[in-house]
Amino acid sequence: MSKTLRPGDPRHLLPALGMDAVALAEWMRDLPPDLLQRFAAATVPRPFRAGEVLFHKGERADGLYFVESGEIRSSTVTTDGHEFILYLFEPGSCVGLSSALDGAPSSSTCRAFCNSQTRLLRRADLVAILGEHPHYYRQFTELLLRWVRGLLGLIEDQAVLSVRARLAKRLLQLAYLYGTLEEGRIVIPVKLPQEELGMLLGATRQSIHQQVAEFRRLGWISVHNSIFTLLDPAALAECIGGRGT
């Protein structure tokens, strides 16, 4: 969902430069307008189709990707050959930060979860701009720490929440980001195959299938062609609060 900008927010400057305001992480709004303009002017559009790879594990990212729309997933492959999703980068997120800052190979593969629009700030441009303004490295450090905290939150969900609660939580998050209200129901206009949900939630396809079937039986959701509609978001939220038991 697009965020409403406060009067005087410097992000109002950016649409004319080709970067939608929603693509900027919250931490950037505190940067001075001239520096925001430098970042925005240096970016180039990089659209990705669903399943297309931004960069593979072991490769160096081209730079910092600002996600304007869609969703980018960071994943790795387990020893038994299964893909496990580590993190999802949604609109307002930046992908490839650690590799862009230190130039080291990426520790995961990043690919588009659905058709996604990003803007790329090449590492050379990022380093050059920060070289002129080294005190702004603090903002990037804070962003990296937020990413780490988010990753720790996902690990906590894996350890504490049941598959039932994790599924309910993720559906509500996706509804918040992408949902459209249609006749009192919230439609998530992104195809979510159950195999993809399993990789996202660290669960088997069978367990996801069972939980989806139960949510449908309870009248909480409906599913058509992998498109989910939330019929009772309050019940899903209560499911999370009760740890999904």
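Nothing in this text is a laboratory measurement; each read-out follows from the coordinates by a stated rule. What you see is a predicted model; the values in this text were computed from it and never measured. Neighbour counts run over all protein chains shown; Cβ positions are idealised from the backbone, glycine included.
Between helix 163-178 and the chain there is an angle of about 50 degrees, using the helix long axis and the longest principal axis of the Cα atoms. FRET efficiency for the LEU218 to ALA50 pair, using the beta carbon distance and R₀ = 35 Å, is estimated at 0.70. For region 161-241, the residue among VAL187, THR204, HIS224 whose Cα projects farthest onto the positive side of the dipole built from Cβ charges is THR204.
Projection of the Cα convex hull of the chain, averaged over all directions and equal to a quarter of that hull's surface, yields 14.2 nm². Only helices enter this figure: runs of n ≥ 4 DSSP H residues, each worth -39500 (n - 2.57), summed and divided by the residues of the chain, yield -12000 deg cm²/dmol at 222 nm to the nearest 500.
Quick one: helix 123-132 against the long Cα principal axis of the chain, what's the angle to the nearest 10°, folded into 0 to 90? Between helix and principal axis, roughly 50 degrees. Would you please state which residues of region 53-83 a label at LEU144 would reach in this model, taking the label point 7 Å out along Cα→Cβ and a backbone N cut-off of under 18 Å? What the label zone holds, given the 18 Å backbone N cut-off, is 58-66.
How far is helix 205-217 tilted, in degrees, relative to the longest principal axis of the Cα atoms in the chain, given as a value from 0 to 90 rounded to the nearest 10? That works out to roughly 70 degrees. In this calculation the C-beta distance from ILE227 to ARG205 is compared with R0 = 22 Å, giving a FRET efficiency of 0.80.
Label-to-label distance for ARG60 and THR180 is 4.2 nm, based on points extended 7 Å past Cα in the beta-carbon direction. Basic side chains Lys and Arg get +1 at the Cβ, acidic Asp and Glu get -1 at the Cβ, and with that the dipole of the chain about its Cα centre reaches some 160 debye. The value of relative contact order for region 10-158, using C-alpha pairs under 8 Å at least six residues apart, is 29 percent. Based on a Kirkwood Rh over C-alpha pairs, give the Stokes-Einstein translational diffusion coefficient of region 31-123 at 25 °C and viscosity 0.890 mPa s in µm²/s. For these conditions, the coefficient is 182 µm²/s. Kirkwood radius for region 137-245, taken over all pairs of different Cα atoms as the inverse mean of 1/r, rounds to 14.7 Å. Maximal additional length on extending the ALA237-VAL77 stretch stands at 54.5 nm, based on 0.36 nm per residue less the C-alpha distance.
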